[in-house]
Every structure is written in C-alpha cells, then in structure tokens.
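Novice: Before I ask anything, here is the structure I am working with.
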C-alpha cells in the first residue's frame, strides 16, 4: 500500500522530520515501512496496517508542531508506543502545567479515561501496575487545577510504611524525615513546575507534602489531595484519610495492590475501600492495565512475566466488588 502526505506548512518540516530526519527513521524502523520525504511531501510504502499506523504518528507530530509543542525523540517514541499498542494516538487533551514547552498528555485510552474520571468526580481511586501513569497524571491534573486557580493548595500524602509511620527517630525536620518516601511526588512536581517554583510554593504552604500519619484531625478545604502508594494503608488509615476531605476539595487515591508492603495478614486499605465504597455516587474506581504502561518497554515485559508466573500478587484485584463501577469508555479523538 502507498500513501502520500503533505505537511500544511514548511515551518513544521524540521519538527516533524527531526534532526537529520531522526524522527522519520524511528517511524520507519518501528512499523517496517519505507519513507521518502521531499520538502513538505512524505511518501509511505508498506503493508496496509503499517502504513496507516505510520500515517497516524506523522499526523500527530504535525498537530503537535502546529500547537507549538516540543517534538522531541522522547515524544516520538511515546506516540509510536501508543499507536503500536492500541492503534490510536495519545489523547488530544493537553494538561496545563507551569513548565512551558513540556506538555503532559494521556498516552493511552485508559489514561484518558482516568483523567476524565478525575475531572468529573471529587474522589477517584486508581489501581494499576508500575509505569501506568497513575501518580504522574494525578499530579499533572492537580497542577493544572492550581494553575487555573480552581484550588488554593495541593496536599500530597504517602504512607511511610518502611519506617512504621514512626518518623521521630529520623534526623531533621518533617520534610527531611519523609523525603525518601515522597521523592516520586517531588520528581513529578519538578517536571511540571520547576525547582524554584516548587520550593516557593512549599514555603508558602500552597504545596504541602506530608506522611499519612500527620493527616489525623485535619480538614482540608479548597484543596487537591493525592494519596500515593495507598495499597500500603490499613483500612483504618484509609478511613482516616478519606474523612479529611473538606469543602470544594478533590481527592485522588493511587496504588498498585500487587506491591503491598504491609505485614502478612494485614488487609490493604485500598482493597477494603474498593469493596466498601464502589457503589457510592461521586466516587469512581479506575483500573489501569498493562496496556497503559508508558515507561521503558522492559517494564511492561517485567509486569507480564510476574503475572504469568503468579509472583508478587498477594492481593488480587477485587473485580467483583467493582463490577458495576467500570471506568467509562474514552471519547474517540
């Protein structure tokens, strides 16, 4: 099959093609097609499905160029991965963050459905494997809400299971004590806001990063609250956290229930919440799958291998409890 594409502007050529046509070579190698480019014209030759997939990627790259977004090799690889898995490009939705030229977008239909759930509901639980974007996208949606002045503060929470929630014996102030446990949340914030802005917001309490143990007795109004690694909460801790929600606030609870670090025989608070709260209106439970993994390709292979051999899954997903609360189908782009 042959297909001819024509870019709408010569200004987009170097962004779509990449330095020394690097992007075109990535597309060629990924789909096994032949590409010939001259000026704004691109000729694609190969099997019908491969030609279609290559076309989808090229059209998405041009759309990014038209929007003034960065078209880097990293973005090209992500788009190729998304098209290879689902036949669809990442969502056209761009999540607004403070760092210019670094767009954050859902990369799979499952990630798009997750972002839709966060927009529509005040409380969202997301269970998924490592690398599926459940924490990163939650932070992005939170930063977007702050940028749009929809909230006044961000509160990021994590259980410090390895320290048994007894952080007083560690040196330093509260941030120094809990820093190792909250590093993933800080990394995401730095990607979207920059180091200096994050520091300024933390000093003014617009951003607060705390261990779960310090949430007791509080009521949080006008806030976006994320509980990460929630599979490592007990049912009592989860109830305590959820009842901190104040007026005009949202909560996102994320975790991977195949990686529970609680003592043997202790039920995960995330599993318990899924079983008890799945029928409440305004609460949505969303489950990511292996198809949503967007880290290094080996992460998906590792997850597949553990599922195949039955390792590391002591807390099977409570499908039955959530049978009537499946995530909505994403809108077709």
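Novice: Starting from the range 47-76, keep only residues that are assigned to a helix (DSSP H, G or I), then list their pairs with residues that are surrounded by fewer than 16 Cβ atoms within 10 Å (Cβ to Cβ) and at pLDDT 85 or above whose Cβ atoms are within a distance under 8 Å, requiring at least 6 positions of separation or different chains.
Specialist: 48/1; 50/32; 51/1; 51/2; 51/45; 73/22
Novice: Identify all residues within the range 107-149 that are in a strand (DSSP E or B) and within 11 Å of the chain's Cα centre (by Cα); write none if there are none.
Specialist: Listed by number, the list holds a single entry, 126.
Novice: Residue check: is residue 291 in the same structural domain as residue 118 (by TED's automatic domain parsing), surrounded by fewer than 18 Cβ atoms within 10 Å (Cβ to Cβ) and not in a loop (DSSP other than H, G, I, E, B)? Walk me through it before giving the result.
Specialist: Details: in the same structural domain as residue 118 (by TED's automatic domain parsing): yes; surrounded by fewer than 18 Cβ atoms within 10 Å (Cβ to Cβ): yes; not in a loop (DSSP other than H, G, I, E, B): yes.
In short, yes.
Novice: Any residue in the range 10-32 that is assigned by TED's automatic domain parsing to the domain that holds residue 66 and under 22 Å from residue 68 (Cβ atoms) sitting within a Cβ distance under 8 Å of a residue that is assigned to a loop (DSSP other than H, G, I, E, B) and modelled with pLDDT of 90 or more? List the pairs, counting only those 6 or more apart or interchain.
Specialist: 27/33
Quick grid of which residues meet (1) under 17 Å from residue 142 (Cβ atoms); (2) modelled with pLDDT under 95; (3) in contact with a helix residue (DSSP H, G or I) (Cβ under 6 Å, 6 or more places away or on another chain):
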{"site": "228", "(1), (2), (3)": "yes, yes, yes"}
{"site": "231", "(1), (2), (3)": "no, yes, yes"}
{"site": "239", "(1), (2), (3)": "no, no, no"}
{"site": "252", "(1), (2), (3)": "yes, no, yes"}
{"site": "261", "(1), (2), (3)": "no, yes, yes"}
{"site": "268", "(1), (2), (3)": "no, yes, yes"}
{"site": "271", "(1), (2), (3)": "no, yes, no"}
{"site": "274", "(1), (2), (3)": "no, yes, yes"}
{"site": "278", "(1), (2), (3)": "no, yes, yes"}
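Novice: Of the residues 113, 117, 160, 145, which single one is modelled with pLDDT under 75 and either surrounded by 14 or more Cβ atoms within 10 Å (Cβ to Cβ) or at positive phi (or both)?
Specialist: 160 is the lone residue from the list that is modelled with pLDDT under 75 and either surrounded by 14 or more Cβ atoms within 10 Å (Cβ to Cβ) or at positive phi (or both).
Novice: Sticking with this one: Kindly check whether there is at least one residue in the range 82-101 that is assigned to a helix (DSSP H, G or I), buried (at least 16 other Cβ atoms within 10 Å of the Cβ) and modelled with pLDDT of 80 or more.
Specialist: Looking for residues that are assigned to a helix (DSSP H, G or I), buried (at least 16 other Cβ atoms within 10 Å of the Cβ) and modelled with pLDDT of 80 or more, one finds at least one in the range 82-101, hence yes.
Novice: If you scan the range 1-37, which residues turn out to be crowded, with 18+ Cβ neighbours inside 10 Å and part of a loop (DSSP other than H, G, I, E, B)?
Specialist: 7, 18, 33
The values are calculated or read from the model by the stated rules, or taken from the named source; none is laboratory data. Keep in mind it's a predicted model, so treat the numbers as computed, not measured. Positions of Cβ are generated from backbone atoms using ideal geometry, with glycine treated the same way; all protein chains shown enter the neighbour counts.
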